[in-house]
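All remarks here apply to the structure that follows.
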Amino acid sequence: MEMMGYIVKMEWEKLGFGPVSTDFMYSMKCCEDGNFVQGNLTHYGNIQFSPFAAVLNYGQGIIEGLKVNRKEDGRLLLFRPDQHALRMKMGAQRMCMPSPSIHQFIHAVKQTALANIRWVPPPGKGSLYIRPLLIGSGPVLGVGPAPEYMFLTYASPVGNYFKQDKTPLSLYVEEEEVRAFSGGVGGVKSVSNYGPVLKALVRAKSLGFSDVLYLDSVNKKYLEEVSAANIFTLKGNVISTPPTSGTILPGITRKSIIEIARGLGFQVEERSISVHELTEADEVFCTGTAVGVAAVGSVTYRGTRFEFKVGENTVCQALGSTLVGIQTGLIEDKEEWIINIH
């Protein structure tokens with residue numbers, strides 16, 4: 001790779017969603033009083049801690065994910081970092097962990113973005129994905145909270161999450177494996193939430209599907225989530241999405257799309273959605289920081305394939321275009337969701 005001005009020269013059009021080693025990362029540790037001390041930037045590289053670390057032995061860790069976009073004038077735009085900080089605090093409470101303050105979280109994200117500014121893709125070519133990570137880094141043997149915690153933020157330039165780019169998704173309804181259950185940690189971004197979805201995800205992809213759509217663990221009847229995204233359905237002027245009642249992650253993109261949709265005059269319902277309602281849906285789409293707003297072309301359930309409207313002049317496209325417009329500075333940010341960091 002060569003430098004082109006202050007932007008790394010690479011084939012941005014071929015950028016996918018995978019790890020790219022950038023220049024710097026930010027880290028800080030928790031004091032014994034439960035508060036995090038001021039962190040610092042270091043060159044990106046491997047981290048070192050005990051094999052007994054709580055995150056390695058008992059999965060005591062929380063992740064987040066944000067995107068930084070570059071405007072034509074060179075400014076960097078960060079989307080709703082306060083909401084991500086609040087979600088991390090909520091998750092940390094559930095996982096019995098201290099967490100950085102909202103100010104510390106946003107400061108770390110800003111510092112990481114600025115230190116890796118040459119890796120922020122040109123306008124329209126992708127985003128710089130920032131990954132905050134809160135882990136129990138201290139050693140434990142018996143089950144219990146770690147004696148020490150580490151907060152890291154690092155970055156990678158990314159393109160589309162799904163390899164098929166803008167091709168509508170094909171989802172497979174999983175009935176055997178479950179993603180979350182009542183009283184568990186399905187509603188927080190625990191690192192332990194994602195390993196269990198791999199079995200069903202790999203199986204679905206081997207059959208040619210894009211991703212898995214999970215059902216509730218009790219009735220095996222109500223829609224929950226895709227592996228790493230929230231799900232929405234549209235019928236007429238009504239947009240529906242499952243409620244975040246403990247088993248479903250309260251996505252920041254989900255929250256934003258609900259607010260955008262209501263502002264555009266749609267009726268939005270947060271309610272239980274039976275898998276059988278897919279037969280009547282006009283559109284289905286997924287939302288998430290990584291996926292953005294992704295149209296679902298079909299859902300397969302018990303061997304039956306249900307297809308939905310996709311492409312031009314769809315509600316999904318309108319919502320996605322509005323969201324991206326706000327995130328990239330092309331549409332006025334009336335809600336003050338954007339922070340300019342450069």
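The values are calculated or read from the model by the stated rules, or taken from the named source; none is laboratory data. All values reported here derive from a predicted model rather than from experimental measurement. Cβ coordinates were reconstructed from backbone atoms using ideal geometry, including for glycine residues, and neighbour counts include every protein chain displayed. Only protein heavy atoms, including side chains, enter the accessible area calculation; ligands, DNA and RNA are left aside. Shrake-Rupley method; radii C 1.70, N 1.55, O 1.52, S 1.80 Å.
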- Message: I need the peptides 210-218, 189-197 ranked by packing, meaning the mean over residues of other C-beta atoms within 10 angstrom, with the highest value on top.
- Response: 210-218, 189-197
- For Glu224, net neighbour charge (Lys/Arg +1, Asp/Glu -1) across residues whose Cβ lies under 15 Å away: -4
- First select every other residue whose beta carbon is under 15 angstrom from the beta carbon of Val191; then total the charges, Lys and Arg +1, Asp and Glu -1. +4
- Item | Linear extension gain, Glu175 paired with Arg75, 0.36 nm per residue minus alpha-carbon span | 31.4 nm
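Within the stretch 9-140, how many Lys pairs that are eight or more residues apart, or on different chains, come under 17 Å at the alpha-carbon?
7
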- Task: Sort the stretch 16-56 into rounded, prolate or oblate with this rule: let a ≥ b ≥ c be the square roots of the eigenvalues of the Cα gyration tensor; rounded if a/c is under 1.5, and if a/c is not under 1.5, prolate when a/b is larger than b/c, oblate otherwise.
- Result: oblate
- Task: Work out the charge dipole of the chain with +1 on the Cβ of Lys and Arg and -1 on the Cβ of Asp and Glu about the Cα centre, then indicate which of Gln111, Leu319, His342 is farthest towards its positive end.
- Result: Gln111
- Task: Between Asp282 and Gln48, take the C-beta separation as r, use R0 = 35 Å, and let me know the FRET efficiency to the nearest 0.05.
- Result: 0.10
- Note on the structure: Going residue by residue through the stretch 335-342, the Karplus relation 6.51 cos²θ - 1.76 cosθ + 1.60 with θ = phi - 60° gives ³J(HN,Hα) values, rounded to whole Hz and with x marking Gly or Pro, of 8, 6, 7, 9, 10, 7, 10, 7
- For the stretch 52-154, which GluC sites (Glu not before Pro) are both in a DSSP coil and crowded by at most 11 other Cβ atoms within 10 Å? Glu72
- Note on the structure: In terms of the alpha carbon gyration tensor, root eigenvalues a ≥ b ≥ c, rounded if a/c is under 1.5 and otherwise prolate when a/b exceeds b/c or oblate, the chain is oblate
- Difference of contour (0.36 nm per residue) and Cα-Cα distance, Leu207 to Leu330: 40.4 nm
- Task: Go through the stretch 218-324 and name the GluC sites (Glu not before Pro) that are in a DSSP coil and have 12 or fewer other Cβ atoms within 10 Å of their Cβ.
- Result: Glu312
- Task: Mind checking the full-extension length gain between Glu307 and Lys163? Use 0.36 nm per residue of separation minus the Cα-Cα distance, one decimal, nm.
- Result: 49.8 nm
- Amide H contacts under 5 Å for Phe24, restricted to residues at least 5 apart in sequence or on another chain and with H modeled in the peptide plane, are Tyr44
- Could you work out the helix-only [θ] at 222 nm for the chain, with each DSSP H run of four or more residues adding -39,500 (n - 2.57) and the total divided by the number of residues, to the nearest 500 deg cm²/dmol? -6000 deg cm²/dmol
- Straight-distance crosslink candidates among aspartates and glutamates, where the alpha carbon sits under 17 Å from Lys220 and sequence neighbours closer than 8 are dropped: Glu174, Glu175, Glu176, Glu177, Glu277
- Task: Could you order Met25, Met10 so the one with the most accessible surface comes first? Probe is 1.4 Å.
- Result: Met10, Met25
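Which whole-number percent is the relative contact order of the stretch 43-118 (Cα, under 8 Å, 6+ apart)? Intermediate results must be reported in sequence, preceding the final value.
Values: 44 pairs, mean separation 15.7, N = 76.
Worked out over the stretch 43-118, it gives 21 percent.
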